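**Student:** Below you'll find the structure I mean.
The values are calculated or read from the model by the stated rules, or taken from the named source; none is laboratory data. Every value quoted in this text rests on a predicted model; they were computed, and no experiment measured them. Here Cβ is always computed from backbone atoms with ideal geometry, including for glycine, and neighbour counts include all displayed protein chains. Surface accessibility is based on the protein's heavy atoms, side chains included, excluding ligands, DNA and RNA. Shrake-Rupley method; radii C 1.70, N 1.55, O 1.52, S 1.80 Å.
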Amino acid sequence: MMLIAIGWIVFLLLIGGLALDRTLSGLITRNFDEQLEYMLTAMVASAEIGPDGEVFFSRPLGDQRFLEPNSGLYWQITGEGHEDFPSRSLWDRTLQVKPADHVEPMVYDSGQFGGEPLRVMQRPILLPGSDTQWWFVVAASREELNAQIARFRSILAYSFVVLGGGLIMMAALQTWLGLSPLRGVRRAIQRIRLTGENRVTEPLPLEVQPMVEELNALLAHSEKQAEEARAHAGNLAHALKTPLTVLNNAAAAHDPDLDQLVQREAATMRRQVDHHLARARAVGRRATGLARADVREAAEAVERAVSRLYQHVRFDLAGAKEGDALVALERQDLDEILGNCIENAAKYGGGSVFVTVDAVPEDRMCKVWIEDDGPGIPEVERQRIFDRGARLDTNKPGTGLGLAIVRDVVEIYGGSVALGESEDLGGLLIELSLPRTASA
């Protein structure tokens, strides 16, 4: 960043310096040319034609340098068929006239005197009483002009070097001060790494406060994920410990029903593993933030599958049409949630299952109601039924993990599940609240 700032400062100073140099050099040169033009005008005003047709000055020019040989300031009048009329400062030299067709003063640089560069201005004039076109020429050494330009450029370069140094120092100071809050954040993160703290608590400037808040939110999210991972590992270990203990005791006692016991406990362990794998998949998919599924489409697919297992059950699906209820869940997880709820309603109900999908896309949460005409669940038991292995009807096959999986996966995606009593059918009402997608 600092190198870029220095580069821009140097580039802009160079561009500005070149523009200023051209402007002021042009002004100095024009001022020099105006002095030559003044002298040329004075020559024309003083020139007259003598009796023999020669040119002479009615009054002398005021600059003393015209009288000093090789003084650096010269004039000359030239006419065809007449001898040149030069200033005494030319001594034995002659100014060469540059051919031209215009009548306005023409100025140019000349090297006709070898080591003395000249700035020359010339103009053709027709004097009264003469038919000859006279060329009035005035020339001055460029040494004075070049010295003025060099002096100006020296001052300009020195000023721009000082200005550039000051700007670079200010940019460095501004960068150092501007990045000081980030150095504070770096020290805070280093303190977290060294001391084991889980939040940035020290006061920091307002400029970085939003970043600190996001950092603390990220730390809280990571802490929550780590805690969830530890809890999942502990829950899985606890869930597998009991079946393994049963199998170990049965094997040690040479239980004659060991084969049936192995099958039963292996099925229990498999369901426990499936439960925790479902949670792990949901956590991983939620992290991508790109989940999207259609509730109506998933409900129809689940209904077709469950109706094959429970052919005596009547299913009724109502509410939103396909495309009206899009939720931020992966399709596989949504199928598992709806599958567990609808299968439980078919298994424990009396033969009728109603599924209603919320048709109000403006709501932030999409509601799904699953109702049956079974005995329902007493209010005091509705919270316990979400625990792993909890079953109120032990006469039906199952492991008691269905609603536990539903609650865990729904909550991972930021939704919720609640139990109630169906007003239409009189049995259990399962109410799912699922987060909609941003475009739903």
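**Student:** Quick one: count up the residues across the range 56-114 that are of a type in the set (F, W, Y) and touching a residue at least 40 places away in the same chain (Cβ under 8 Å).
**Tutor:** The total comes to 2.
**Student:** Can you name every residue in the range 388-433 that is under 28 Å from E362 (Cβ atoms), modelled with pLDDT under 85 and loosely packed, with under 15 Cβ neighbours inside 10 Å?
**Tutor:** Result: no residue meets the conditions.
**Student:** Looking for something of a type in the set (A, V, I, L, M) and modelled with pLDDT of 80 or more - is there at least one such residue anywhere in the range 264-277?
**Tutor:** Yes - at least one qualifying residue is present in the range 264-277.
**Student:** Scan the range 302-327 for residues that are assigned to a loop (DSSP other than H, G, I, E, B) and open to solvent by 30 Å² or more (accessible area, probe 1.4 Å) and jot them down. Don't jump to the end; show me each part of the working.
**Tutor:** The first filter runs over the range 302-327 and keeps only residues assigned to a loop (DSSP other than H, G, I, E, B), leaving 310-313, 320-325.
Passing the criteria: Y310, Q311, H312, K321, E322, G323, D324.
**Student:** What are the residue pairs meeting all of these: first residue in the range 368-385, first residue in contact (Cβ under 8 Å) with a residue 40 or more places away in the chain and on the phi > 0 side of the Ramachandran plot, second residue outside any helix (DSSP H, G or I) and surrounded by 19 or more Cβ atoms within 10 Å (Cβ to Cβ), Cβ atoms under 9 Å, and 6 or more apart or on different chains?
**Tutor:** Pairs found: G376/S422; G376/G427; G376/L428; G376/L429.
**Student:** Could you tell me how many of the residues in the range 307-360 are of a type in the set (V, I, T) and more than 50 Å from the chain's Cα centre (by Cα)?
**Tutor:** Adding up the residues that qualify gives 2.
**Student:** Residue check: is L126 in contact with a strand residue (DSSP E or B) (Cβ under 7 Å, 6 or more places away or on another chain) and surrounded by 16 or more Cβ atoms within 10 Å (Cβ to Cβ)? First the steps, then the outcome.
**Tutor:** Numbers: in contact with a strand residue (DSSP E or B) (Cβ under 7 Å, 6 or more places away or on another chain): yes; surrounded by 16 or more Cβ atoms within 10 Å (Cβ to Cβ): no.
It is false that L126 is in contact with a strand residue (DSSP E or B) (Cβ under 7 Å, 6 or more places away or on another chain) and surrounded by 16 or more Cβ atoms within 10 Å (Cβ to Cβ).
**Student:** Would you mind telling me which numbered condition in (1) aliphatic (A, V, I, L, M); (2) surrounded by fewer than 17 Cβ atoms within 10 Å (Cβ to Cβ); (3) modelled with pLDDT of 80 or more L290 fails?
**Tutor:** (3)
**Student:** Might you let me know whether the range 366-379 holds any residue that is modelled with pLDDT of 85 or more, surrounded by fewer than 18 Cβ atoms within 10 Å (Cβ to Cβ) and out of contact with any Leu (no Cβ under 9 Å at 6 or more places or on another chain)?
**Tutor:** No - not one qualifying residue is present in the range 366-379.
**Student:** Moving on. Hey, among the residues in the range 330-351 that are among the charged types (D, E, K, R) and under 19 Å from V313 (Cα atoms), which one's least open to solvent (accessible area, probe 1.4 Å)?
**Tutor:** Looking at residues that are among the charged types (D, E, K, R) and under 19 Å from V313 (Cα atoms), I get K347.
**Student:** Condition check: within 16 Å of A140 (Cβ to Cβ), open to solvent by 80 Å² or more (accessible area, probe 1.4 Å) and out of contact with any helix residue (DSSP H, G or I) (no Cβ under 9 Å at 6 or more places or on another chain). Does E37 satisfy that?
**Tutor:** yes
**Student:** Six or more apart or on different chains, Cβ atoms under 8 Å: show the pairs whose first residue is in the range 172-185 and at pLDDT below 80 and whose second is open to solvent by 80 Å² or more (accessible area, probe 1.4 Å) and part of a helix (DSSP H, G or I).
**Tutor:** P181/E207; V185/M211
**Student:** What about R191, is it open to solvent by 80 Å² or more (accessible area, probe 1.4 Å) and under 27 Å from the mean Cα position of the chain (by Cα)?
**Tutor:** no
**Student:** Yes or no: the range 83-91 includes at least one residue that is among the aliphatic types (A, V, I, L, M) and either over 17 Å from S25 (Cα atoms) or surrounded by fewer than 13 Cβ atoms within 10 Å (Cβ to Cβ) (or both).
**Tutor:** yes
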